[in-house]
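Single-structure report; data block below.
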Amino acid sequence: MNLNIENWEQQIIEFLKNKIRSNEIKYEDFENVVKKYKDLSLKIQEFLEYAYKNSKDENKEKLYKLYKKFSLQNTGEIVEKLREIGFALKNNEKIYERFYDSEKKKPKGISYRIMELTRLGKREEVFFTLLNEFQGENFPKLLSDAFNPVYSDELFKTFIYSFLSGILGEKEQGGEE
């Protein structure tokens, strides 16, 4: 299979140009292109990781450098998606109640423990604690990706704090942040 990336890129550009030229500018069209671009970027990052891990020749080091560079470029998107994952978990009462005491209107002790372990950079303990809180529920893949050693301790902290800010942040009227 041969992929012509230039044609694919040109199709997207022409699609957006035509929307502007014909004055059919719809937010949803542009939002959809941006979302697909961001999703594709994260998928490419996954494939780069698999490629460098499974490479056995001189490409391994080059692939690792490309993966590391690419993954660092995706960090902003990862931060935002982790916050969104946390926010979406507010709708899962089983998980939400493990992190937040609705009666007292404050985070539960386990949330403070996760924050402190994160501050101290104790990745394994944070991972274990989060896995424990997700017992019987699906553990978000992107959250597990935050523990990848390719990310610095500072990025790891940012990822976990972003997730926690989503699940512990306040809801505005209308159900959205």
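Remarks
- Net charge of Cβ neighbours under 10 Å - reference Arg123; Lys, Arg +1; Asp, Glu -1: -1
- One chain, two ends: Asn4 and Asp29. Fully extended at 0.36 nm per residue, the span grows by 6.7 nm beyond their Cα-Cα distance.
- Taking amide H positions as modeled 1.01 Å from N, with prolines and chain starts lacking one, the residues under 5 Å from Tyr100 and 5 or more places away or on another chain are Lys108.
- Cα extents for region 16-136 along the principal axes, largest to smallest and rounded to whole angstrom: 54, 50, 26.
- Listed by chain and number, the lysines whose C-alpha is less than 19 Å from the C-alpha of Lys17, apart from same-chain residues fewer than 8 away, are Lys26, Lys35, Lys36.
- In a DSSP loop and with at most 11 other Cβ atoms within 10 Å, the trypsin sites (Lys or Arg not before Pro) in region 63-151 are Lys104, Lys105.
- Summing Cβ point charges (Lys, Arg +1; Asp, Glu -1) relative to the Cα centre of the chain gives a dipole of roughly 320 debye.
- Accessible surface of the chain, 1.4 Å probe: 52 percent of it comes from carbon and sulfur atoms.
- Quick note on region 39-86: its Rg to Rh ratio, both from C-alpha atoms and Rh being the Kirkwood radius, is 1.08.
- Relative contact order of the chain, pairs being alpha-carbon contacts under 8 Å that are 6 or more residues apart, as %: 24 percent
- The Rg/Rh ratio of region 1-72, with both radii computed over alpha carbons and Rh defined as the Kirkwood radius, is 1.14.
- The residues of region 1-103 present an accessible area of 76 Å² per residue when probed at 1.4 Å with all protein chains retained.
- Among the trypsin sites (Lys or Arg not before Pro) in region 18-56, those placed in a DSSP loop whose Cβ has at most 16 other Cβ atoms within 10 Å are Lys26, Lys56.
- Other residues whose C-beta falls under 13 angstrom from the C-beta of Lys157 contribute a net charge of 0, scoring Lys and Arg +1 and Asp and Glu -1.
- Taking the convex hull of Cα positions in region 82-162, its mean projected area over all directions (nm²): 5.0 nm²
The values are calculated or read from the model by the stated rules, or taken from the named source; none is laboratory data. Please read these numbers as outputs of a predicted model, since none were measured by experiment. All Cβ positions, even for glycine, are placed from backbone atoms using ideal geometry, and neighbour counts span all protein chains on display. Heavy atoms of the whole protein, side chains included, go into the accessibility calculation; ligands, DNA and RNA do not. Shrake-Rupley method; radii C 1.70, N 1.55, O 1.52, S 1.80 Å.
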